[in-house]
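A.B. asks: Here it is, the structure, as C-alpha cells.
The values are calculated or read from the model by the stated rules, or taken from the named source; none is laboratory data. Note that the structure is a prediction, hence the values are computed from the model and not measured. No Cβ is skipped: glycine too gets one built from the backbone with ideal geometry, and neighbour counts run over all protein chains shown.
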Amino acid sequence: MAVTLKDIADRAGVSLATVSRVLNNDPQLSVGEETRRKILTIAEELSYTKKHRRSAATGHKIAVIQWYSPARELDDLYYMNIRLGVEKEAQQVGYTTATVFDTHMEQIPNDVSGIVAIGKYSQKQIDQLQRFNKPIVVIDYDALANGCDSVLPDFDGGIKQAADFLAEKYVKIGMIAGQEKTTDQKPVSDSRRETFTKALKIRDLYHSEWFMMGDYSEKSGFDQMQRLLQLKDRPQAVLIANDAMAVGALRALHEKQIDVPKEMALVSFDDTSITHYTYPTLTSIHVPTDQMAAMGIELLGRRLQNPDLAPQRVVVGTKLILRQSTEN
C-alpha cells in the first residue's frame, strides 16, 4: 500500500499541513529544524514518493493562492482541505506548485503557467490577479462575471437540506451566520443566512432574535452562542454556518452544561474532520472539498490547453450528514 502524507503525519505527531509544506519546501513555513528533520527522516524510512498519474514532462508550474494565513487555516480546516487537495491533484497531473498564503500576490512567481485562487477576493484583488495574464481558477468564490473559471459548493442546496431536516423536528430554530471580509477588508456576500431565513419564513418559523452573526472563527461561534444562551426564550436548534464556529458554540454549551442535543441541537456546515471528534459528534452539511480541488485543477488544465474556452462555473453538490448533535 502506498505511503500517504497522513502516515507520515501520524508517525511524526504533526499535522498533515506541516508534513505537506515541509515535503514541498515551503519557504514560508516556520517550523523547528528538529521537526523538519524528523518529518524528512520518517518519509525516507517509509519510502515515501510522490505519485503522478501523468509525467511531470508537462512542465507547468502553478501558483496556489490561499486567502488565509497558515494560522487561520488551522482554525478553519475547510480551506486547508481545499489547499491540500489542490496541491495533491496538481502533483498527480505533473504540475509543480508555489503556494502563497494570506493573498500575498507580490509573492507569486513570474514563471507560473496558471493560478488557482482559494477563498474570497475583492474586485481589486481579482483585477490584480488578472494582470498576471495567466489562466485563473477561483475555488469557493464565484468569479465567473470577471471571466474566471470558478468552482464552488452548493451553499443554497445545503442550507435547504438543513432547513428541511430541522423544520421536521423543531419549531424554535436559530442560526449563527457568518460575515467575512477579504484580506483588503471588503465585505463578502454570503447567501447562507438569506437562504435559511427564506426557508424558515415559508414555514412561519423565522424569529430574528435567534439569528446571530459571527465571523467564521471559533471564538465568534463561542461568543454568539453565549448571546443566545442569555435569552430567556432560547431556540431548540441552531444552524451554524461553518465547523469552526460550531466548535466554539459547542464549547459555550458545555460550559453552561447544556445538553446537546436534548436541550439544544446543532447543525454545522462544511463537515471537516473535526466534526468526527467533538462531543457529541456534529451533524453537518458535507462539502466535498476533494472534488472541488480536483475540478479546479481539471479546469485549469483545460484552460492551459485551450485559452479561448469560455469561462465556466462548476457547482459541487452538498449533503446533510446526520450525527449525534441532533435528534435523529
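A.B. asks: Test of understanding: among ASP259, ASP270, which residue is assigned by TED's automatic domain parsing to the domain that holds ALA163, acidic (Asp, Glu) and touching a residue at least 40 places away in the same chain (Cβ under 8 Å)? Working first, answer last.
C.D. replies: On the way: ASP259 fails: touching a residue at least 40 places away in the same chain (Cβ under 8 Å).
Every option except ASP270 fails the conditions.
A.B. asks: Consider segment 157-196. How many of its residues are over 20 Å from SER208 (Cβ atoms) and charged (D, E, K, R)?
C.D. replies: Within segment 157-196, residues that are over 20 Å from SER208 (Cβ atoms) and charged (D, E, K, R) number 7.
A.B. asks: Taking segment 26-56 as the search range and keeping residues that are within 23 Å of the chain's Cα centre (by Cα) and polar (S, T, N, Q), which one is modelled with the lowest pLDDT?
C.D. replies: Once the filter is applied, the top-ranked residue is GLN28.
A.B. asks: Does any residue in segment 303-328 that is in contact (Cβ under 8 Å) with a residue 24 or more places away in the chain come within less than 7 Å, Cβ to Cβ, of a residue that is surrounded by fewer than 17 Cβ atoms within 10 Å (Cβ to Cβ) and basic (Lys, Arg) six or more places away or on a different chain, and which pairs are these?
C.D. replies: GLU327/LYS169
A.B. asks: Would you list the strands (runs of 3 or more DSSP E) that sit entirely within segment 249-328 and hold 2 or more residues that are farther than 30 Å from ASP223 by Cβ? Reasoning before the result, please.
C.D. replies: Values: elements: 265-270, 283-286, 313-316, 319-321.
Hits in segment 249-328: 313-316.
A.B. asks: Among the residues of segment 223-257, count how many are within 20 Å of TYR79 (Cβ to Cβ) and either in contact with a strand residue (DSSP E or B) (Cβ under 7 Å, 6 or more places away or on another chain) or hydrophobic (A, V, I, L, M, F, W, C) (or both).
C.D. replies: The total comes to 9.
A.B. asks: Are there any pairs, at least 6 apart or on different chains, whose C-beta atoms fall under 7 Å, with the first in segment 131-151 and closer than 9 Å to PRO311 by Cα and the second of a type in the set (S, T, N, Q) and buried (at least 16 other Cβ atoms within 10 Å of the Cβ), and if so, which?
C.D. replies: These pairs meet every condition: LEU144/SER150.
A.B. asks: Going by the structure shown, is THR97 in a loop (DSSP other than H, G, I, E, B), farther than 30 Å from GLY174 by Cβ and touching a helix residue (DSSP H, G or I) at 6+ places or on another chain (Cβ under 9 Å)? Show your work before the answer.
C.D. replies: Numbers: in a loop (DSSP other than H, G, I, E, B): no; farther than 30 Å from GLY174 by Cβ: yes; touching a helix residue (DSSP H, G or I) at 6+ places or on another chain (Cβ under 9 Å): yes.
Judged against the criteria, THR97 is not a match.
A.B. asks: Further, regarding this structure: Please determine, by comparing only the residues of segment 163-197 that are basic (Lys, Arg) and over 19 Å from THR318 (Cα atoms), which one is surrounded by the fewest Cβ atoms within 10 Å (Cβ to Cβ). Reasoning before the result, please.
C.D. replies: Filtering segment 163-197 for residues basic (Lys, Arg) gives 169, 172, 181, 186, 192-193.
Retained after the next criterion (residues that are over 19 Å from THR318 (Cα atoms)): 169, 172, 181, 186.
Details: LYS169: 14, LYS172: 14, LYS181: 12, LYS186: 14.
Taking the candidates together, the pick is LYS181.
A.B. asks: What single numbered condition from (1) modelled with pLDDT under 95; (2) touching a Gly at 6+ places or on another chain (Cβ under 9 Å) fails to hold for ASP140?
C.D. replies: Result: ASP140 fails condition (1) only.
A.B. asks: Within segment 190-211, can you find the residues that are at pLDDT 95 or above, assigned to a loop (DSSP other than H, G, I, E, B), farther than 14 Å from ALA162 by Cα and charged (D, E, K, R)?
C.D. replies: Within segment 190-211, ASP204 is the sole residue that qualifies.
A.B. asks: Consider ARG323 carefully, then state whether it is farther than 28 Å from VAL238 by Cβ and either surrounded by fewer than 17 Cβ atoms within 10 Å (Cβ to Cβ) or not assigned by TED's automatic domain parsing to the domain that holds LEU253 (or both). Outline the logic, then answer.
C.D. replies: Working: farther than 28 Å from VAL238 by Cβ: no; either surrounded by fewer than 17 Cβ atoms within 10 Å (Cβ to Cβ) or not assigned by TED's automatic domain parsing to the domain that holds LEU253 (or both): yes.
Spelling it out, it is not the case that ARG323 is farther than 28 Å from VAL238 by Cβ and either surrounded by fewer than 17 Cβ atoms within 10 Å (Cβ to Cβ) or not assigned by TED's automatic domain parsing to the domain that holds LEU253 (or both).
Condition check ((1) of a type in the set (Asp, Glu); (2) outside any helix (DSSP H, G or I)) across all residues:
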position: VAL137; (1), (2): no, yes
position: LEU152; (1), (2): no, yes
position: ALA163; (1), (2): no, no
position: ASP184; (1), (2): yes, yes
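A.B. asks: Quick check on my filter: what residues within segment 165-220 are closer than 15 Å to PRO235 by Cβ, β-branched (Val, Ile, Thr) and touching a residue at least 24 places away in the same chain (Cβ under 8 Å)?
C.D. replies: Once the filter is applied, which keeps residues that are closer than 15 Å to PRO235 by Cβ, β-branched (Val, Ile, Thr) and touching a residue at least 24 places away in the same chain (Cβ under 8 Å), segment 165-220 yields VAL171, ILE173, ILE176.
A.B. asks: All but one of (1) crowded, with 17+ Cβ neighbours inside 10 Å; (2) at pLDDT below 95 hold for SER284, so report the exception by its number.
C.D. replies: (2)
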